[in-house]
Amino acid sequence: MPSSDIPMGSGGSLPELFTTGAGSALPAGSPPPPPTLASTLGLAYRVLIEAEDQATRDNVQQHVPDAFRVRVDGRVFMQVGAYPTLEEAQDLAEDLNQEGFRVQVEHRP
């Protein structure tokens, strides 16, 4: 029977996902990466909020409880949504801009 002592890690309460930016390259001869779930679902636009500090991350989660932390090109963001159309992503971005957040909409083909 497996032990009931499951290691919890030290990553804090939010998972952190790492992505590669447009300037990143795969090693020569590597197969292409598999498509992401978002691209498979047709979610081409994601809405990000800069969130380098814990206070900002907490504030974002008060407004968008399902937001999660991502790292893009070495910077920390909270992803607050993913949408199939630019219009839908911009609608959320405008709402969050009015709340005082620095919001970016990123196209992910």
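Details
- When only Cα pairs below 8 angstrom with a gap of at least 6 residues are kept, segment 45-109 shows a relative contact order of 47 percent.
- The length gained by stretching the chain between Leu86 and Gln54 to full extension, at 0.36 nm per residue less their Cα-Cα distance, is 8.7 nm.
- Isotropically averaged projected area of segment 45-109, using the convex hull of Cα atoms (one quarter of hull area), nm²: 4.1 nm²
Every number in this text was worked out from the coordinates using simple rules, so none of it is lab data. Not measured: the values here are computed from a predicted model.
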